[in-house]
Amino acid sequence: MARITGSVCRLCRREGEKLFLKGSRCLSDKCAYTKRSFSPGQHGKRRTKLSDYALQLREKQKVKRIYGINEHQFRLYFKRAERERAVTGEVLLQLLERRLDNVVFSLGFAHSRSQARQIVRHRFILVNQRPVDIPSYLIKVNDVISLRKDENKLKLIRENIKVNKDRLVPQWLKADTDNLQGTIDRFPKRADIQFPVREQLIVELYSK
């Protein structure tokens with residue numbers, strides 16, 4: 001798991017777009033990117049034309065930061081995607097979407113992927129009634145995601161669901177907010193990715 005020790009708002013400013021790393025705060029007037037939509041540092045306001053390599057690198061960094069993984073993990077996902085008999089970029093995004101921490105976030109149980117990783121690490125998430133504390137665990141079709149009975153944590157989840165009620169759950173997931181569980185209907189498709197990403201740039205970067 002990639003641990004970010006500094007300000008995550010700087011990451012959004014560096015990538016030039018909101019990555020929604022702090023949940024609902026990113027939608028409020030307190031969002032640092034809304035106040036300063038330029039790169040951090042004394043030269044942040046300078047407009048420079050990026051090379052092809054820089055564009056590819058920035059796209060990779062953006063995806064890594066959205067899912068909260070480090071370079072080693074990302075490279076392993078890419079190598080696995082390359083071995084599949086399908087479009088490499090789409091398989092890569094599918095693998096990242098299938099991570100348990102991302103599923104917990106997508107179901108609305110957490111306000112950010114960072115909080116979702118923490119919830120998983122604390123053995124609060126059950127997959128098919130068995131506790132799983134590995135954020136990178138890849139879910140499968142028909143898996144059922146539920147919660148361990150802990151009133152303090154359940155209160156947190158209910159609050160998150162209330163805050164995230166306007167956020168759309170991806171079509172490949174089925175959320176049952178009344179019973180606090182979710183089901184994996186199918187694997188995610190390219191059209192299910194809810195943020196702008198040019199995965200072909202990442203493929204070109206690693207193919208050099």
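What's the exposure ranking of Tyr53, Tyr206, going from fewest to most Cβ atoms within 10 Å? Could you put the intermediate results ahead of the total?
On the way: Tyr53 12, Tyr206 16.
Listing Tyr53, Tyr206 from fewest to most nearby Cβ atoms yields Tyr53, Tyr206.
For region 59-74, just list the computed ³J(HN,Hα) in residue order, Karplus coefficients 6.51, -1.76 and 1.60, θ = phi - 60°, integers in Hz, with x standing in for Gly and Pro.
5, 5, 4, 4, 5, 4, 6, 4, 8, x, 10, 8, 5, 4, 4, 4
Around Arg99, with a cut-off of 15 angstrom between Cβ atoms, what is the net charge of the other residues, counting Lys and Arg +1 and Asp and Glu -1?
Overall, the nearby charge balance is +3.
Read the figures in this text as sums done on the coordinates, not as results from a lab. Since we're looking at a predicted model, the values are computed, not measured. A quick note on method: Cβ atoms are made from the backbone with ideal geometry, for glycine too, and the neighbour counts reach across all protein chains shown.
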